[in-house]
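One structure below.
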Amino acid sequence: MRRTVIAGNWKMNMTPSQTKAFITELAPMVAGKDKCDIVLCVPFVDIATAVEAAKGSNIHIGAENVHFAESGAYTGEISAKMLCEIGAEYVIVGHSERRTYFGETDETVNLRTKAALAAGLKVILCLGEVKEQRLAGITDEIVSMQTKLDLAGVSAEELKNVIIAYEPVWAIGTGLTATPEQADETCGVIRKTIAALYGEAAAEQITIQYGGSMNDGNAKELLAKTHVDGGLIGGASLKTDKFTAIVNAAN
Ligand code: 13P
């Protein structure tokens with residue numbers, strides 16, 4: 001059985017003091033909810049505080065990006081080793097906002113993924129089509145291609161530490177959600193691609209999340225779908241009650 005993973009992506013929100021208050025409030029609300037793994041991916045400067053605040057709870061902490069080099073002249077970047085040492089367990093790679101606003105390509109997403117896995121981090125790999133691609137009827141080709149390019153050179157053993165987040169770009173922060181059927185179908189296409197690359201057993205094992213305006217109102221229906229094994233949640237992960245409601249929907 002594959003694990004359901006409910007992860008928050010805080011994006012550029014929350015200071016360290018707000019992080020401490022948030023996790024202190026959230027921890028008792030999600031205590032004992034063991035039918036899913038709970039992850040908060042937070043800004044770099046919040047990670048240390050988040051790790052400390054989450055100690056002894058079932059909340060795991062991650063980062064929102066990672067650089068692919070081990071070290072060197074990359075002003076403003078953060079390495080996988082730095083993330084590990086500060087206590088991050090997970091890292092988001094390839095979020096559409098990184099691809100759109102910061103010029104990331106499947107090539108750099110692939111390099112970041114491999115660097116994070118080599119350092120022992122669990123990767124939440126984001127991919128998904130833009131609106132024009134869905135309207136043109138090429139969603140399946142796009143997500144299949146991204147899956148292949150982003151995972152190039154990742155071994156079957158390393159794949160065990162990869163979660164894929166299917167995030168249709170048109171659904172992110174827009175209030176538009178993919179229908180449960182659309183989410184299920186496209187997560188299914190990604191699973192098929194994994195089967196072609198790594199075999200049926202690996203495809204059955206891998207957690208594939210849906211992300212894009214998931215909230216306390218639509219989580220249950222989305223999570224009920226066969227191929228949807230969790231959620232990557234933006235806006236609704238910034239409120240303890242809403243995030244807890246999504247965790248409850250997974251439990
Ligand atoms: P929203 O939940 O705010 O649409 O964001 C989704 C997302 O981008 C998660 O990575």
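The values are calculated or read from the model by the stated rules, or taken from the named source; none is laboratory data. On a predicted model such as this, the values are computed, not experimentally measured, just so you know. When we count neighbours, we look across all protein chains shown, and the Cβ atoms used for this are built from the backbone with ideal geometry, even at glycine. The protein model used for the area step is the full one, side chains on, heavy atoms only, and it has no ligands, DNA or RNA in it. Shrake-Rupley method; radii C 1.70, N 1.55, O 1.52, S 1.80 Å.
Candidates are the residues of region 224-236 that are buried (at least 24 other Cβ atoms within 10 Å of the Cβ) and within 11 Å of the ligand (Cβ to nearest atom); the one that is farthest from Gly8 (Cα to Cα) is Gly231.
Within region 122-139, the presence of a residue that is over 14 Å from the mean Cα position of the chain (by Cα), under 18 Å from Ala80 (Cα atoms), away from the ligand (no atom under 12 Å from the Cβ) and among the aliphatic types (A, V, I, L, M) is excluded. Total residues in region 237-246 satisfying the condition of being open to solvent by 10 Å² or more (accessible area, probe 1.4 Å) and within 15 Å of the ligand (Cβ to nearest atom): the figure is 4.
Out of the residues in region 199-215 meeting the condition of being closer than 20 Å to Val169 by Cα and not β-branched (Val, Ile, Thr), tell me which one is surrounded by the most Cβ atoms within 10 Å (Cβ to Cβ). Residue satisfying both the conditions and the ranking: Tyr210. Here region 135-155 is the region considered, the condition is being open to solvent by 60 Å² or more (accessible area, probe 1.4 Å) and free of Cβ contacts under 8 Å to residues at least 40 places away in the same chain, and the residue that is nearest to Gly212 (Cα to Cα) is Leu135.
Of the strands (runs of 3 or more DSSP E) contained entirely in region 139-251, those carrying at least 3 residues that are in contact with an Asp or Glu (Cβ under 8 Å, 6 or more places away or on another chain) fall at 208-211. Just a yes or no: is a residue in region 172-180 modelled with pLDDT of 95 or more, surrounded by 15 or more Cβ atoms within 10 Å (Cβ to Cβ), hydrophobic (A, V, I, L, M, F, W, C) and within 23 Å of Glu64 (Cα to Cα)? No, the conditions are met nowhere in region 172-180. Within region 7-35, the set of residues being open to solvent by less than 50 Å² (accessible area, probe 1.4 Å), more than 16 Å from the ligand (Cβ to nearest atom), closer than 20 Å to Asn251 by Cα and touching a Ser or Thr at 6+ places or on another chain (Cβ under 7 Å) comprises Leu26, Ala27, Val30. Of all positions in region 176-197, at least one carries a residue that is in contact with a Leu (Cβ under 8 Å, 6 or more places away or on another chain), under 20 Å from Trp10 (Cα atoms) and either away from the ligand (no atom under 16 Å from the Cβ) or not aromatic (Phe, Trp, Tyr) (or both). All of Glu221, Glu204 fail the test of being within 16 Å of the ligand (Cβ to nearest atom) and charged (D, E, K, R), apart from Glu221. Considering Glu158, Glu167, the condition of being more than 15 Å from the ligand (Cβ to nearest atom), surrounded by 15 or more Cβ atoms within 10 Å (Cβ to Cβ) and closer than 20 Å to Ala63 by Cα is satisfied by Glu158 alone.
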